[in-house]
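Okay, structure first, notes after.
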Amino acid sequence: MMIRFAILPFLLALNFSMCTKHPSPVTSSEPATSSPAAAGETAGGSPAPGVAGAAPSPKITRYPGTEITPTDFEAQMKQLKDAGITVISLQDLLAWKRGEKNIPPRCAVISFDDGWKSQYDVAWPIMKKFGYPFTMFIYTEGVRGGSLGGGEAITWEQLADMRDNGIDIEAHTATHQDLREGHNIMLAAPGGKRTRTKLTGPAYEQWVHNEVVGCKELLEQRLGIKVNCFAVPFGNYNEHVKELARNAGYEAMFTVYGQPITFTSPLDSLGRYAIEANKPKVFVDAVKMIGTSSGGAAAVAEVGAADLSTQPADGDTVRTALPLIKANLSRVGGIEPGSVQMRVSGLGVVPVSYDPKTGIVSYQVTQKLRGTSCTVIVSAKAEGKKVEAHWTFGIEAAAAAAPVSAAARSTPTPKK
Ligand SMILES: [Zn+2]
């Protein structure tokens, strides 16, 4: 039984796999990495007899670094719940990073890498039990029928079933190898013949393009989805790979170097905690990190924009590029007047007026907002704690382009 996952305290990444996907020597000869965090990325495990399904405590035999029993896995999922940690989806995390959505102060994101049948058969039912959303990072040649997809690989049909049930499916390259130029890579011909080689120059560029871009396109085409996240095998990448990924339209890139995610964490290197059965401490540490993190969302209490009667309201569309932006902080309580701050996308921190009596914070935009959507972040200190609210409103395209008339200012359209 192999479950692999990684935790992002606030990003909990999970590799859950079981059994050898590619029974050929390819799996075990994948390059070892010097990073202990990446160890969970190296190999598939082997099924103990009768392990398929949720047999209690099956023996872990071949790859203890990347295997975990269903019982242990379920216990960890329960631990998250018991610790009061909310498991959110990766897309919610990104929406929060874009300033479009609030998330609870203590949360985790769970992802499973590589695409094993056991993730479908064993992990998914456990995740369902807890109602946890999750993301699957798939390397396309490792899906059943691909050059690296053996009998324990997930199938396209299983992925489609997951997709239909709201599971997020994202990219993890085509062949799961070190993406940096000049490293030994394995090339698999459709006939099964494998060769090891070092690619450089145009040959490398062509290969890496397929790993980064081809993989995304294939997932999008086979499953009819939008892929916006990329998990880097072994966490081995460089600026060139990042640039390729950005140009391919990936919004976020993930590694396996465990670290808490904060609002300002760079989107092109979001760390995940790789969870492995023989390193239970990683999970314990990750959970602890979520509980005590001072740099992440844990330090900030999120206030729903609706509670602040914001103007424009979250999700509204206004007819002017020069709106009056307002929020009522009176319901927060204990606000330190000097601490009230407003950020507006495209403008940064703006000079607000704040009336401690009414609790109203407001800012009249004086420089036309660009684009058709605007995110506002209002923050303040209340009783020694930072509180924050994010909301986003739309701007009618015509208004953004039109010359400004005083009458058009600050007139929100009615809520849909
Ligand atoms: Zn992987």
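No value in this document is a laboratory result; all are computed from the given coordinates. Predicted, not measured: the structure shown is a model, and the values here were computed from it. With ideal geometry, Cβ positions are generated from the backbone for all residues, glycine too; neighbour counts draw on all protein chains shown.
Give or take rounding to whole Å, what are the principal axis extents of the alpha carbon atoms in segment 303-408, in descending order?
Sorted from largest, the Cα extents of segment 303-408 read 43, 21, 21 Å.
Give me Ser309, Ser147 sorted ascending by neighbouring Cβ count inside 10 Å, so fewest comes first.
So the residues, fewest neighbours to most, are Ser309, Ser147.
How many nm is it between the label spots at Glu217 and Ala313, if each spot is 7 Å from the Cα in line with the beta carbon?
About 4.4 nm, to one decimal.
For Lys385 and Asn247, what does the FRET efficiency come to when R0 = 45 Å and r is the distance between their Cβ atoms, rounded to the nearest 0.05?
That gives a FRET efficiency of 0.65.
Evaluate the Debye formula for segment 219-263 with equal point scatterers sitting on the alpha carbons, no solvent, and hand back log10 of I(q)/I(0) at q = 0.27, 0.30 Å⁻¹, in q order, two decimals.
Listed by q, the Debye log ratios stand at -1.06, -1.12.
Could the peptides 237-243, 370-376 be put in order, highest first, of the mean number of other beta-carbon atoms found within 10 Å of their residues?
370-376, 237-243
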